[in-house]
Amino acid sequence: MILGNGLGWWLVPIASTPFFLPLFYLGLSVSLTPIYLVTWRLVRRFAWRGLAVFLSVVTVIGPPRDYLIAATFPKWMVFAAGVAPILADAATYFGMVALGHAAMRVIAGPASGDSLARLKDL
C-alpha cells in the first residue's frame with residue numbers, strides 16, 4: 001500500500017493517526033487468515049500444483065476486484081493510468097498469499113507431513 005502510494009501507482013488515503021497502520025495490518029491479517037487455510041488444504045491435497053493454481057487465480061482475480069472497488073468507492077482508492085498499477089496490484093496479491101503461506105509452512109511444517117495429508121500408493 002505505502003510503496004504503491006509512493007510510486008504513484010495508486011492513492012490510498014492514509015490517516016495520520018498513530019493507530020491507523022497497526023489497525024489496517026491487523027484487519028488485513030485477520031481477513032487473509034481464511035485464504036491461508038485454503039492454501040494449506042490445497043497443498044495438502046494437490047501438493048505444489050494446488051498452490052500454483054490458487055496463486056494464479058488470486059493474481060488474475062485480484063486487480064479487477066480492486067478496480068471495481070475503486071470505481072464504486074473512489075474516496076477509498078484511486079489507480080493511476082497504465083499497465084504498471086495493474087501489474088503491481090497483481091504482484092501484491094501474489095506476494096501476500098505466497099508470503100503468508102510460506103510463513104504458515106515455517107511455523108507449522110510442510111502440509112504433506114500432516115497426519116491428514118493424502119497418502120500416496122496405498
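Just so you know, all these numbers are worked out from the coordinates, no wet-lab data involved. If you're wondering where the values come from, they're calculated on a predicted model, not measured in any experiment. Cβ atoms come from the backbone with ideal geometry, glycine included; neighbour counts cover every protein chain shown.
Based on the alpha-carbon gyration tensor of segment 56-111 and its eigenvalue square roots a ≥ b ≥ c, which shape applies: rounded if a/c is under 1.5, prolate if not and a/b is larger than b/c, or oblate? It comes out prolate by the Cα gyration axes. Among P110, V12, S56, flag the residue with its Cα farthest along the positive direction of the charge dipole of the chain, charges on Cβ as +1 for Lys/Arg and -1 for Asp/Glu. It is P110, whose Cα lies furthest towards the positive end.
Shown here for segment 10-81: chymotrypsin sites (Phe, Trp or Tyr not before Pro) in loop regions (DSSP other than H, G, I, E, B) with at most 14 other Cβ atoms within 10 Å, namely F19, W76. Across all C-alpha atoms in segment 36-81, the radius of gyration and Dmax reach 14.7, 41 Å. Our Cα-only numbers for the chain put the radius of gyration and Dmax at 17.1, 59 Å. In terms of overall dimensions, the C-alpha atoms belonging to segment 8-58 reach 44, 24, 10 Å along their principal axes, ordered largest to smallest.
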